Amino acid sequence: MNRQNIRARIESGAEVVESFLDVSDLSLQIGRRSILDRINISLPKGAITVLLGPSGAGKSSLLRCLNGLQADWQGRVVMQGHDVRCWPGGEDALRRHIGLIAQRPCVFPGTIAANVLFGLARRQRRQSSHLMMRCLQQAALWDEVRDRLDDSASCLSMGQQQRLCLARALAVGPQLLLLDEPTSSLDPRSRSLIEDSLRKLAEKIPLLLVSHDLEQAQRLADQVIFLCDGRVIEKASAEKFFSQPERIESREFIRWQVCDCD
């Protein structure tokens, strides 16, 4: 089923949209502070889900829980029928299946090529020229770096570094990609290139994207999940959320980008 059909089913509320990952009663408390409170969401296959909400809503914390970077949460997360707490191979193997792109690009010391292939075993790196090209193409970076793969990655612009991080994440073959405001500090051209890449990637793997940019959410999202104070306030198709939100908190956030969810 292609992404257009999946979006139509999400918009109609159809139950036959196949779920890739299911989160049940996920809660996170740090000290005496509740960060996430009984989160229940599902990510459909072949679609982009956008997490919206004010700063401090728990969006980034949720991504870290799903990726295994935050370990002390309660609840259950099942991906393709497997509980992520019992993932074969442990947390390192889980993170190969659930990639995470941070808000600020983090390139490693070394060349552009070395950065792309960082997550591969040495044996794989020796046979990886085609894989490197494919991942850089998927990240819309190949045409800009194809003749300087041995240059230092730190010489790239901010937008190029973020696309390099995307290529590096793709090289290990993730089944799900989490992105935490990946275009927030980028120029319009870099933002457009990354958005185009994400649309194409969503045809193959599900994406969960945190964004504070409502226009970006409207451009990219198939499904929207609105969080505030660590709770899910509303879940809906992108079209329904932006045209007919059910909750007053959602309407306030869309209009003023503020909310009072206490």
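Report yes if Ala169 is open to solvent by less than 40 Å² (accessible area, probe 1.4 Å) and touching a residue at least 40 places away in the same chain (Cβ under 8 Å), otherwise no.
Working: open to solvent by less than 40 Å² (accessible area, probe 1.4 Å): yes; touching a residue at least 40 places away in the same chain (Cβ under 8 Å): yes.
The answer is yes for Ala169.
Residues to consider are Arg199, Arg148, Arg191; find the one that is open to solvent by 10 Å² or more (accessible area, probe 1.4 Å), touching an Asp or Glu at 6+ places or on another chain (Cβ under 9 Å) and over 26 Å from His82 (Cβ atoms).
The match here is Arg191.
Check segment 150-158 and report whether any residue there is closer than 25 Å to Asp229 by Cα and under 21 Å from the mean Cα position of the chain (by Cα).
Going through segment 150-158, the residues closer than 25 Å to Asp229 by Cα turn out to be none.
No, that holds for no residue.
Kindly provide the set of residues from segment 179-188 that are surrounded by fewer than 24 Cβ atoms within 10 Å (Cβ to Cβ) and either within 29 Å of Glu18 (Cβ to Cβ) or small (Gly, Ala, Ser) (or both), ordered by number. It would help to see each step written out before you state the result.
First pass over segment 179-188, keeping only residues surrounded by fewer than 24 Cβ atoms within 10 Å (Cβ to Cβ): 180-181, 183-188.
Asp180, Glu181, Thr183, Ser184, Ser185 - these are the residues of segment 179-188 that are surrounded by fewer than 24 Cβ atoms within 10 Å (Cβ to Cβ) and either within 29 Å of Glu18 (Cβ to Cβ) or small (Gly, Ala, Ser) (or both).
Determine if segment 154-166 includes at least one residue that is in contact (Cβ under 8 Å) with a residue 12 or more places away in the chain, surrounded by fewer than 23 Cβ atoms within 10 Å (Cβ to Cβ), hydroxyl-bearing (Ser, Thr, Tyr) and in contact with a Ser or Thr (Cβ under 7 Å, 6 or more places away or on another chain).
Scanning segment 154-166 turns up no residue that is in contact (Cβ under 8 Å) with a residue 12 or more places away in the chain, surrounded by fewer than 23 Cβ atoms within 10 Å (Cβ to Cβ), hydroxyl-bearing (Ser, Thr, Tyr) and in contact with a Ser or Thr (Cβ under 7 Å, 6 or more places away or on another chain).
Inspect all residues belonging to segment 12-35 and state whether any of them is under 20 Å from Phe241 (Cα atoms), modelled with pLDDT of 95 or more and more than 14 Å from the chain's Cα centre (by Cα).
Looking through segment 12-35, none of the residues is under 20 Å from Phe241 (Cα atoms), modelled with pLDDT of 95 or more and more than 14 Å from the chain's Cα centre (by Cα).
Residue pairs, Cβ under 7 Å, 6 or more apart or interchain, first in segment 28-46 and more than 14 Å from Leu66 (Cβ to Cβ), second of a type in the set (A, V, I, L, M, F, W, C) and in a strand (DSSP E or B). List them.
Gln29/Ile35; Pro44/Phe20; Lys45/Phe20
Could you please tell me which pairs satisfy a Cβ distance under 7 Å, a separation of 6+ or placement on different chains, a first residue in segment 240-262 that is open to solvent by 60 Å² or more (accessible area, probe 1.4 Å), and a second residue that is modelled with pLDDT of 90 or more and not in a helix (DSSP H, G or I)?
Close Cβ pairs satisfying both conditions: Glu246/Glu234; Arg247/Ile233; Arg247/Glu234; Arg251/Pro245; Val258/Pro54; Asp262/Asp229.
Checking the structure you have, find out if any residue of segment 59-79 is of a type in the set (Phe, Trp, Tyr), buried (at least 16 other Cβ atoms within 10 Å of the Cβ), in contact with a helix residue (DSSP H, G or I) (Cβ under 6 Å, 6 or more places away or on another chain) and free of Cβ contacts under 8 Å to residues at least 40 places away in the same chain. Give the derivation first.
We begin by selecting, within segment 59-79, every residue of a type in the set (Phe, Trp, Tyr); these are 73.
Remaining after also requiring buried (at least 16 other Cβ atoms within 10 Å of the Cβ): 73.
Next, only the ones that are in contact with a helix residue (DSSP H, G or I) (Cβ under 6 Å, 6 or more places away or on another chain) stay: 73.
Still in the list and also free of Cβ contacts under 8 Å to residues at least 40 places away in the same chain: none.
Scanning segment 59-79 turns up no residue that is of a type in the set (Phe, Trp, Tyr), buried (at least 16 other Cβ atoms within 10 Å of the Cβ), in contact with a helix residue (DSSP H, G or I) (Cβ under 6 Å, 6 or more places away or on another chain) and free of Cβ contacts under 8 Å to residues at least 40 places away in the same chain.
The values are calculated or read from the model by the stated rules, or taken from the named source; none is laboratory data. Note that this is a predicted model, so its numbers are computed, not measured. Virtual Cβ from ideal backbone geometry, glycine too; neighbours counted across all protein chains shown. Please note that ligands, DNA and RNA were not included when accessible areas were found on the heavy atoms of the full protein model with its side chains. Shrake-Rupley method; radii C 1.70, N 1.55, O 1.52, S 1.80 Å.
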